[in-house]
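Below: the structure, in structure tokens.
The values are calculated or read from the model by the stated rules, or taken from the named source; none is laboratory data. Every value quoted in this text rests on a predicted model; they were computed, and no experiment measured them. Positions of Cβ are generated from backbone atoms using ideal geometry, with glycine treated the same way; all protein chains shown enter the neighbour counts. SASA here: full protein model, heavy atoms, side chains in, ligands and nucleic acids out. Shrake-Rupley method; radii C 1.70, N 1.55, O 1.52, S 1.80 Å.
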Amino acid sequence: MAPFVSNPSTVMLTAPSEPYVRADLELHGVDHSKASFEGRLFLNNPEAGPDTPTTDESYAGSFWIFGHGGCAGGEGHCEPSRELRPFDFRAEHQLTPISKLVVVTAKLRQLVPPARDFSVRIVPYVRPESAERLPSNLVTDLLHFERVDLLAYQ
Amino acid sequence: MSTALLRYRKSVTSLSPNEVSALRLAISNMLSLDDDRGYAYWAGIHGLPLPISCTHGTPLFLPWHRAYLYYFEQYLLDVMPDGVAVSLPWWDWSIQAGVPVSYALIDLPDGTSNPLAAAPVSGIPDVQFRDENVPKVAQTSRTPGPTGQGHGSAGLPSVAEVSAVLALQDFADFTIQLEDLHNRVHVWVGGTMSEIPVAAFDPIFWAHHTMIDRVWALWQQAHPGAGVGSVPLDYPLGPFPTLNVGQTLSITALGYQYASATSSAAAAT
């Protein structure tokens, strides 16, 4: 058992230039193979980490991953196949990366002027009570995703 | 020909003492069965033993879990004595009261263990617990987060957050946001519930998912005719051979409804 080690990630986006009624941060290709965790989003706070409180002004919301908890099978069992063969009608692999969505409308309006670049700091957080009982590989290097999109609705 | 009556699923906190006793009897009776009618078998459908069959992160999340609850409830009914009714209750975590007393109490007044507080984690081959996945445990456990208002993301989802999800118009939007509240509750309960491979062994799992199913049912009432996005209605819901996605869209066709009001009741122990 080992303490949880956070691996936050920062991406740059641009705020909408037109007024919007709703703004979502969408994470695509999110890995969920390890421990369950909360993904905290901070705007324009590239130094945010697991100790940054969610009462910080830069906090915009969270998503939650219900983790697969590691691999119970043999070698290769938990590796999603890269290509779907013709006539393969099986269900998607359990560990196919997923998408997450966090509505950040109010905070984006508050912190980022129209058309301005801003950073999104994504901080994975595992509750200490959970981290203590899990092997270290499940609570380290948790955050993997393909991209983050900002979707604004007019 | 007899008239088929719908089962009414109620809030955990609205159950009478007799209804709580009936639920405990049903869970105890399923726990005593070590074949494919038993608790361990049905808990194991969700996660371990392999194959892990639950569906998360896709539009199948709600239909699959509705089918899962339906099958589990049928096996609960099977183990009840004649004339004693049972149905799955929902745990309304949005009221911020934490794990309901009827599920939190470790020992009952008669000295027996409360079957709603914890259950054995069994039926999983040792080979499926490796050094690098969830640890083997004999019994479920919980490490609940803070209760009451004002705990932000460390607390349970609020009434306002559930209302915001219910107000969404599009199924794809609704299911992804409802699933996120669902994930948050799993993480909040902690312990066994926070790990997919063993979560369903915790008896609170069923009350949590009944709440999720209820929120979907409420959303369906407000959006008549809404389907499940791009998922074909004839998509099969394995390993529930008699149900496909389309068959999960009507809860009355599945034989149950959700009680619309929660009356007060004496605290059940």
Where a residue in the stretch B:48-61 is over 22 Å from A:V30 (Cα atoms) and its partner, wherever it lies, is part of a loop (DSSP other than H, G, I, E, B) and among the hydrophobic types (A, V, I, L, M, F, W, C), with Cβ under 6 Å and at least six apart
B:L48/A:A72; B:L48/B:I124; B:P49/B:I124; B:L50/A:A72
I'd like the full set of residues that are surrounded by 15 or more Cβ atoms within 10 Å (Cβ to Cβ) and in contact (Cβ under 8 Å) with a residue 60 or more places away in the chain, limited to the stretch B:142-171.
B:R142, B:L156, B:P157, B:S158, B:E161, B:V162, B:F171
Qualifying positions in the stretch A:69-105 - open to solvent by 100 Å² or more (accessible area, probe 1.4 Å) and more than 22 Å from B:A172 (Cβ to Cβ):
A:E75, A:E79, A:R82, A:E83, A:R85, A:P86, A:F87, A:F89, A:R90
Could you tell me which numbered condition B:R66 fails, if it satisfies all but one of (1) part of a loop (DSSP other than H, G, I, E, B); (2) in contact (Cβ under 8 Å) with a residue 40 or more places away in the chain?
(1)
In this structure, is B:I196 within 13 Å of another protein chain (Cβ to nearest Cβ) and either in contact with a strand residue (DSSP E or B) (Cβ under 7 Å, 6 or more places away or on another chain) or outside any helix (DSSP H, G or I) (or both)?
yes
If you check A:G74 against the conditions, is it within 11 Å of another protein chain (Cβ to nearest Cβ), under 27 Å from B:W64 (Cα atoms), in contact with a helix residue (DSSP H, G or I) (Cβ under 6 Å, 6 or more places away or on another chain) and of a type in the set (G, A, S)?
no
One residue is enough: does the stretch B:195-211 have a residue meeting the conditions open to solvent by 30 Å² or more (accessible area, probe 1.4 Å) and in contact with a Leu (Cβ under 7 Å, 6 or more places away or on another chain)?
no
Number of positions in the stretch B:82-105 that are assigned to a loop (DSSP other than H, G, I, E, B) and open to solvent by 50 Å² or more (accessible area, probe 1.4 Å):
6
Of the listed residues (A:S33, A:S9, A:S58), the one being in contact with a Cys (Cβ under 7 Å, 6 or more places away or on another chain), more than 8 Å from every other protein chain (Cβ to nearest Cβ) and at pLDDT 95 or above is A:S33
With respect to the numbered conditions (1) crowded, with 20+ Cβ neighbours inside 10 Å; (2) away from chain B (no Cβ under 12 Å), which one is the sole condition not fulfilled by A:L111?
(1)
Write out, first by first residue and then by second, each pair whose Cβ atoms fall under 7 Å of each other, whose residues are 6+ apart or on separate chains, and whose first residue, in the stretch B:111-125, is of a type in the set (V, I, T) while the second is surrounded by fewer than 21 Cβ atoms within 10 Å (Cβ to Cβ).
B:V121/B:V137; B:V121/B:A138; B:V121/B:Q139; B:I124/B:P49
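Matching residues to (1) over 20 Å from the mean Cα position of the chain (by Cα); (2) at pLDDT below 95:
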| position | (1), (2) |
| --- | --- |
| A:G74 | yes, yes |
| A:R85 | yes, yes |
| A:T96 | no, yes |
| A:K107 | no, no |
Just one of (1) open to solvent by less than 10 Å² (accessible area, probe 1.4 Å); (2) in contact with a helix residue (DSSP H, G or I) (Cβ under 7 Å, 6 or more places away or on another chain) trips up B:V79, so point out which.
(1)
Looking at B:P157, B:P135, B:P144, B:P115, can you tell me which residue is more than 14 Å from every other protein chain (Cβ to nearest Cβ) and either out of contact with any strand residue (DSSP E or B) (no Cβ under 8 Å at 6 or more places or on another chain) or modelled with pLDDT of 95 or more (or both)?
B:P115
How many residues are more than 30 Å from B:Q128 (Cα to Cα) and either open to solvent by 40 Å² or more (accessible area, probe 1.4 Å) or within 11 Å of another protein chain (Cβ to nearest Cβ) (or both) if we restrict to the stretch A:36-49?
5
Restricted to the stretch A:50-62 and to residues being in contact with a strand residue (DSSP E or B) (Cβ under 6 Å, 6 or more places away or on another chain) and assigned to a loop (DSSP other than H, G, I, E, B), the residue surrounded by the fewest Cβ atoms within 10 Å (Cβ to Cβ) is A:P50
Residue selected from the stretch B:31-54 under the condition surrounded by fewer than 21 Cβ atoms within 10 Å (Cβ to Cβ) and among the hydroxyl-bearing types (S, T, Y), by the criterion farthest from B:A200 (Cα to Cα):
B:S32
Would you call B:P59 at pLDDT 95 or above, within 30 Å of A:K100 (Cα to Cα), within 14 Å of chain A (Cβ to nearest Cβ) and not in a helix (DSSP H, G or I)?
yes
How many residues are surrounded by fewer than 17 Cβ atoms within 10 Å (Cβ to Cβ) and in contact with an Asp or Glu (Cβ under 8 Å, 6 or more places away or on another chain) when one looks only at the stretch B:106-121?
1
